[in-house]
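Written below as structure tokens is the structure these notes are about.
The values are calculated or read from the model by the stated rules, or taken from the named source; none is laboratory data. Note that the structure is a prediction, hence the values are computed from the model and not measured. Note that each Cβ is placed from the backbone with ideal geometry, even for glycine, and that neighbours are counted across all protein chains shown.
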Amino acid sequence: MLYGVGDKEMKTTIIVVGYHETQLSAHLTMLCLANITKYTDPEDYELILIEDVPKYQVRDDYHVLKIDKHIILEERTTYSKKINIAAEQATGEYLAIIQNDVFVWEGWLKGLRYYLENGMGEAIIPDQFPRSREDILNSYKMSMEEGLNKGARDACMIMITAEAFKKTGGFNPDLQILQEADFYERMSAAGVNQITTNKVQVSHMTLGTHYQDMEEFERKLDHDSKIRNKV
């Protein structure tokens, strides 16, 4: 069963980008995929894993990970460009762009899609910031509507309608670190209604996506800052 409005079937394409220069980064991706597989109904989504020239492989020795399309590029390119390439191959009405150091939990997909299916927004971001037990329990008591625009925004995961993604023109393919901040601005410029919710909580390791060392991080940050300062 696919969940949607009325008789119209709706499917989500999940995009996970890998950059596997270390065993740690490959293991993070495997953990990310394992949580998606474990906590998401398989018929409710397709998953695209995209990476380029990996030094370490994503392993699925027991054939338990749901990976519908595994794209391995022959040349290195930016995180942003990989998202755009995967989005071109997506078949879902919604795109869930998830960094590989993010771990989802039960109900995340239906929870996020609830807001988009009911016309409350075109792009939604779950809460991933550390919360007290009291805060978590209070979020459980809220209705989906009461949880709207609660929580804090972060770039670790964005769910957006495919139509809205096309309106933005996609991610800036030249950016390596600041691509999500830039994408927020692209969504605003395109008139995409962006919302948050505390009804969906995810865990984010931070700095695991495509930062292999701090010197590399600094180089990429300097590169992106120069590009954005020219705009």
Picked from the stretch 112-133 (must be of a type in the set (G, A, S) and under 20 Å from T13 (Cα atoms)), the residue surrounded by the fewest Cβ atoms within 10 Å (Cβ to Cβ) is G119
Just to be sure before I move on: is A164 in a helix (DSSP H, G or I), within 18 Å of G119 (Cβ to Cβ) and hydrophobic (A, V, I, L, M, F, W, C) in the structure I sent? yes
Picking from P126, P173, the residue that is outside any helix (DSSP H, G or I), under 17 Å from the mean Cα position of the chain (by Cα), farther than 24 Å from I36 by Cα and not basic (K, R) would be P173
Selection over the stretch 188-220 where residues are modelled with pLDDT under 70 and hydroxyl-bearing (S, T, Y) yields a count of 3
Filtering the stretch 36-55 down to residues that are within 15 Å of G107 (Cβ to Cβ) and crowded, with 19+ Cβ neighbours inside 10 Å yields I36, T40, Y45
Scanning the stretch 58-102 for residues that are touching a residue at least 24 places away in the same chain (Cβ under 8 Å) and assigned to a helix (DSSP H, G or I) gives Y79, S80, K81, K82, I83, N84, I85, A86, A87, Q89
If we keep only residues of the stretch 141-154 that are modelled with pLDDT of 95 or more and not acidic (D, E), then the residue farthest from I124 (Cα to Cα) is K141
